Amino acid sequence: MNYLRWLAKWRLVRRYKYLIEVDRLMEEFTTRTILDGGSEEFKQASRKQLITLQNDIKSKQRLLEFLTDTK
């Protein structure tokens, strides 16, 4: 039973580290598209997407911290 818990935790930690990095890349891309300019509607939509990405990163980091703190 301990092995299954360890395996589940290990896989979740790896998965969430990966997903955080994907979100960070998307955050960089979205920031670059905002800075490159465009219409106001495009900038507003990109800003909303950027906020969503940042919130996702924060929630995934909290989960990752929880997983690393558990036994």
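Mean sequence separation of contacting Cα pairs (under 8 Å, at least six apart), scaled by the length of the range 1-63, corresponds to a relative contact order of 40 percent.
The residue among SER39, ILE20, LEU67 whose Cα reaches farthest toward the positive pole of the charge dipole of the chain, with charges on the beta-carbon of Lys, Arg, Asp and Glu, is LEU67.
Here the accessible area is traced with a 1.4 Å probe on the protein chains. For the range 9-54, carbon and sulfur cover 55 percent of it.
Rounded to the nearest 10 degrees, what's the angle between the helix 40-69 long axis and the longest principal axis of the chain, both from Cα atoms, 0 to 90? For 40-69 against the chain, the angle is about 10 degrees.
About its Cα centre, the chain has a charge dipole of approximately 560 debye under the convention of +1 per Lys or Arg Cβ and -1 per Asp or Glu Cβ, with nothing else charged. FRET efficiency for the THR31 to ARG62 pair, using the beta carbon distance and R₀ = 22 Å, is estimated at 0.50. Relative to the current alpha-carbon distance between LYS71 and GLU21, full extension at 0.36 nm per residue lengthens the span by 15.5 nm. In this structure the chain gives 83 Å² per residue of accessible area when probed at 1.4 Å with all protein chains present. In order along the range 2-7, the phi-based Karplus estimate (6.51 cos²θ - 1.76 cosθ + 1.60, θ = phi - 60°) of 3J(HN,Hα) comes to 5, 5, 5, 5, 4, 5 Hz; Gly and Pro are listed as x. Cross-link partners of LYS60 among aspartates and glutamates, defined as those whose alpha carbon lies under 18 angstrom from its own and excluding same-chain residues fewer than eight positions apart: GLU21, ASP23, GLU27, GLU28, ASP69.
Quote the FRET efficiency, to the nearest 0.05, computed for ARG11 versus SER39 with a Förster distance R0 of 30 Å and r equal to the Cβ-Cβ distance. It comes to 0.10.
The values are calculated or read from the model by the stated rules, or taken from the named source; none is laboratory data. A quick note: this is a predicted structure, and the numbers were derived from the prediction, not measured. Every residue, glycine among them, receives a Cβ derived from its backbone with ideal geometry; neighbour counts consider all protein chains shown. Side chains are part of the model used for accessible areas, which takes the heavy atoms of the whole protein and leaves out ligands, DNA and RNA. Shrake-Rupley method; radii C 1.70, N 1.55, O 1.52, S 1.80 Å.
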